[in-house]
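The values are calculated or read from the model by the stated rules, or taken from the named source; none is laboratory data. Source: prediction; values computed, not measured. Here the Cβ positions follow ideal geometry from the backbone for every residue, glycine too, while neighbour counts run over all protein chains shown. We work out accessible area using only protein heavy atoms, side chains counted, and drop any ligands, DNA or RNA first. Shrake-Rupley method; radii C 1.70, N 1.55, O 1.52, S 1.80 Å.
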Amino acid sequence: MVSEQSSGKQLRITNEVRAYQREWIEKTRQRVSEGEPFAICNGDDCEEILNVMDIPVIVINYWHAIITTKRMADYYLDILRERDYPATVFSMGLAVTMDNKPDVAPWGGLPKPSIIIGGARQDTEMRIMELWAREYGCIFWPMEFALYHGVEKAPPPGWFERMRDHWDEFVDPQKLDYRVQEQEKLIRYLEVSTGKKFSLEKLTEAMQLVNEQMDYWRMARDLIAKTSPSPVTLRDQLSMYQTTWHRGTPQGRDFLKAYYEEVKERVENSVAACPEEKIRLMWVNALGTPPLWGRWAEEKYGAVCVTHNYMGIAVDCYARTIQNNDPLRTLAARYMLLFWTTPDWIAAQAKHSNCKAAVMVGGRRSIMAFEKAGIPLATIPSERDDEATRAALSDFIETRLLA
Amino acid sequence: MSAFDDLQKHYRQRDLAARQWKKEGGKVVGYFCDNVPEEFILVAGLFPLRLSGDPWGDTERIGNYSEQGNVFSREGFVASMLHMILNGKYDFLDYLIIPHARDSIHRLYTTLINLKETDPTLKIPELSYLDNLHTTFYSAGIYNRDRWFGLKKQLEEWTDKEITNERLSQAVAVTNESKRLLKELAALRATDPPLVSGVDALQIIGSSMFMLKEEHNKLLKEYLTGVGQLPARNGARLFVEGSPLDNLQFYEIIESCGATVVAEDNCWGNRIFDVPIDMASDPLEAIIDRYNNKAPCSRMYPLSRRIEYCLRNALESKAQGVIFNIYRFDDIQAWETPDEIKELKEKGIPTLYLKDQPYLIAEPEALKTKIEEFVQGI
Ligand code: SF4
């Protein structure tokens with residue numbers, strides 16, 4: 001077998017995605033300088049609508065990932081601290097704008113947006129986006145019905161199997177009406193202020209492209225799930241997540257198609273990402289980043305994280321069947337509920353990928369819930385790769401998995 | 001026992017009146033925050049009790065619950081309230097209304113629902129969620145109006161009694177009277193020199209949420225009649241802006257430096273009685289309108305409304321300095337602070353920014369020194 005680590009070979013597609021992003025921002029900058037509109041919004045908030053209207057949009061989660069990858073996070077967090085603002089990851093984009101130094105900023109900073117859209121997903125989101133718009137001198141557009149607002153009940157077991165086709169079972173229909181109205185108001189504003197057009201037909205197409213994109217993702221995930229040692233590192237799998245910011249575009253779909261084909265090629269050629277893989281694990285965290293202790297666990301125990309909860313989000317949650325010929329309402333429902341992080345869902349994913357256990361930062365209650373769902377859970381005290389984390393992992397692996 | 005002693009007793013023993021009510025066969029509705037319409041609860045014949053935390057109580061119990069998925073109950077006072085519910089301190093509640101307020105409060109709803117399912121041994125009251133939006137746009141008002149109608153219906157179901165307009169008018173008269181009396185109290189603080197300390201005021205205001213309003217009004221009236229004889233206070237006049245203060249520790253430290261807190265902007269102080277209910281309109285609509293347009297807390301859009309509120313109240317109280325007291329993890333409050341400080345500076349009002357404050361002030365002496373320095377500089 002060929003070791004990816006020893007040959008240092010990454011998936012070709014991850015580099016292509018990165019190169020495309022760079023090109024995309026240059027093109028966008030060019031378009032904005034020619035007077036075209038540009039938007040900033042939070043992830044899973046309005047991207048499809050903006051894409052359909054041909055208004056380039058940057059999703060802040062993605063922008064923050066770029067800032068972090070360029071190792072600029074500390075720099076921008078300091079900018080916030082200097083101004084007495086809370087130094088949080090979510091506000092790094094605002095810090096770039098406050099700093100206003102294109103020669104320092106990743107990608108030279110963003111072009112000036114025509115609109116910043118902010119939701120009520122968290123208290124601070126609206127405020128941060130409001131301040132960001134003030135900093136740019138552009139319009140701030142608040143959205144009151146954001147992710148998870150439509151949901152007041154505990155998730156029913158097995159929800160993840162019904163989400164694609166039966167999403168209407170999970171979102172409060174009255175709130176959904178409001179979200180649809182909110183989207184219509186936004187569309188009207190964008191049509192008036194930019195002269196661009198929205199079309200339901202195009203939205204239907206876009207949502208079908210999303211579904212196709214996620215189907216390729218599922219196929220790739222399934223190949224990885226049944227191939228041991230895993231053909232792709234978790235890092236590479238996660239780096240494909242940035243294509244979710246190009247949902248509903250032919251480019252987004254094509255990236256995932258190429259990803260699937262490359263994974264398949266690797267499986268056929270028996271390429272192993274970590275040839276020493278002995279114990280398969282699932283890594284669960286909120287940021288969608290690979291575990292910092294991954295190399296250590298691999299070298300010490302042959303323990304490899306082969307999947308992550310973000311892979312589940314992609315394959316189980318983004319694709320939605322359009323109901324009643326109404327793509328705008330279908331989309332609204334996804335903007336109001338993407339997923340619940342329930343133990344039964346994590347357990348199902350872990351088992352699907354032939355993992356012996358899941359790992360996450362947590363405590364006794366999580367362990368109980370995961371055991372109940374049928375998968376052992378290793379809890380670590382923090383995301384750091386330090387002695388405490390290693391000790392907790394060693395203890396779990398030695399007593400639970402090797403004993 | 002003087003009227004003030006009585007009020008103070010209820011501030012200290014916050015569940016006293018509610019437990020007594022319960023003993024006599026009544027039912028108690030707990031609620032969080034200052035945007036649950038107590039008029040509805042009163043008219044339904046139930047006892048409205050605003051829940052508060054306890055900085056001296058431990059939060060060990062929630063250690064098991066405050067992990068992944070619950071990362072939002074981080075502000076100390078929210079963690080403390082959750083702990084108290086789980087620990088049985090609020091085990092006499094029949095119902096609990098949770099409004100869509102700050103994230104950590106709003107998420108208590110799903111946390112408690114989940115806990116009810118996973119751990120049936122916990123005594124968690126019947127829950128009701130009161131959604132509302134964080135803007136004051138016209139369409140948000142329409143949405144919220146529906147939610148309040150929903151709450152009214154819920155209370156009617158709980159009690160099997162109709163909430164009529166006539167009885168609502170009576171309740172509004174009582175709660176408006178409370179607001180009017182509390183405004184008189186605010187005026188005694190804002191006068192020069194102030195006649196009432198911040199520590200006393202916070203107890204009087206707070207106890208109005210732990211007692212039946214009529215009872216509280218009676219005691220407050222009595223207190224206000226006798227207040228003319230109180231000695232005037234000297235020292236610096238301070239305005240306190242920031243996180244919710246459901247206990248006296250912070251004011252006690254400030255006033256031990258010889259200063260007086262003449263007004264504040266938080267949901268356990270003057271903010272709760274700022275906006276009365278319009279008695280001339282249909283009572284149901286007037287109540288809804290009042291809660292839609294009441295003095296905003298920091299989670300509300302837009303920022304300008306918050307800044308205007310802080311500035312206006314600091315100026316009206318003739319404060320010589322403003323102390324910002326922001327709890328650790330209270331990010332939504334922290335996001336508005338730099339703008340407020342800037343505006344106050346432009347008006348020539350000095351400020352002291354205490355950020356990342358713990359819910360329980362562990363080192364009162366160090367804080368006192370800081371405040372003393374600030375007061376001396378005024
Ligand atoms: S500031 Fe607002 S959200 Fe926070 S506790 Fe007070 S009323 Fe509730």
Close pairs (8 angstrom Cβ cut-off, 6 or more residues apart or separate chains): more than 30 Å from B:Thr135 (Cβ to Cβ) in region B:20-36, β-branched (Val, Ile, Thr) and away from the ligand (no atom under 16 Å from the Cβ) anywhere: B:Trp21/B:Val28; B:Lys22/B:Val28; B:Lys27/B:Thr159
Leading residue by the ranking (farthest from the other protein chains (Cβ to nearest Cβ)) among those in region A:130-169 that are open to solvent by less than 30 Å² (accessible area, probe 1.4 Å) and out of contact with any helix residue (DSSP H, G or I) (no Cβ under 8 Å at 6 or more places or on another chain): A:Cys138
Residue within region A:93-111 that is out of contact with any Gly (no Cβ under 9 Å at 6 or more places or on another chain) and within 12 Å of chain B (Cβ to nearest Cβ) present: yes
Single match in B:Ala259, B:Ala295 (criterion: surrounded by fewer than 20 Cβ atoms within 10 Å (Cβ to Cβ) and in contact with a strand residue (DSSP E or B) (Cβ under 9 Å, 6 or more places away or on another chain)): B:Ala295
Residue under evaluation B:Ala295, criteria (1) under 12 Å from B:Gly242 (Cβ atoms); (2) within 16 Å of the ligand (Cβ to nearest atom); (3) more than 13 Å from chain A (Cβ to nearest Cβ), criterion not met: (1)
Pairs with Cβ under 6 Å, 6+ apart, first in region B:71-83 and among the acidic types (Asp, Glu), second within 12 Å of the ligand (Cβ to nearest atom) and at pLDDT 85 or above: B:Glu75/B:Ser104; B:Glu75/B:Tyr327; B:Glu75/B:Phe329; B:Glu75/B:Asp330
Residue list for region A:122-171, filter: among the charged types (D, E, K, R) and part of a loop (DSSP other than H, G, I, E, B): A:Glu144, A:Glu152, A:Lys153
Filter pass, B:Tyr109 being within 10 Å of chain A (Cβ to nearest Cβ) and modelled with pLDDT of 95 or more: no
Cross-chain or 6+ apart pairs with Cβ under 6 Å, region B:84-102 first and within 14 Å of chain A (Cβ to nearest Cβ), then within 16 Å of the ligand (Cβ to nearest atom) and β-branched (Val, Ile, Thr): B:Ile97/B:Val36; B:Pro99/B:Val36
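If only one of A:Thr307, A:Thr330, A:Thr341, A:Thr321 is within 14 Å of another protein chain (Cβ to nearest Cβ) and polar (S, T, N, Q), which one is it?
A:Thr341
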Selection within region A:253-290 - assigned to a helix (DSSP H, G or I) and surrounded by fewer than 22 Cβ atoms within 10 Å (Cβ to Cβ): A:Asp254, A:Lys257, A:Ala258, A:Tyr260, A:Glu261, A:Glu262, A:Lys264, A:Glu265, A:Val267, A:Glu268
In region B:73-103, residue surrounded by the fewest Cβ atoms within 10 Å (Cβ to Cβ) [restricted to those that are more than 12 Å from the ligand (Cβ to nearest atom) and of a type in the set (D, E, K, R)]: B:Asp91
Per-region count, region B:330-370, residues touching a residue at least 24 places away in the same chain (Cβ under 8 Å), within 13 Å of chain A (Cβ to nearest Cβ) and among the acidic types (Asp, Glu): 5
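Among the residues of region B:273-292, which ones are away from the ligand (no atom under 16 Å from the Cβ), of a type in the set (A, V, I, L, M, F, W, C) and open to solvent by less than 50 Å² (accessible area, probe 1.4 Å)?
B:Ile277, B:Leu284, B:Ala286, B:Ile287, B:Ile288
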Matching residues in region A:330-364 - criterion: being aromatic (Phe, Trp, Tyr) and not in a helix (DSSP H, G or I): A:Phe339, A:Trp340
Region B:224-256 - residue that is modelled with pLDDT of 95 or more, open to solvent by 10 Å² or more (accessible area, probe 1.4 Å) and touching a Leu at 6+ places or on another chain (Cβ under 7 Å) and, of those, farthest from the ligand (Cβ to nearest atom): B:Leu224
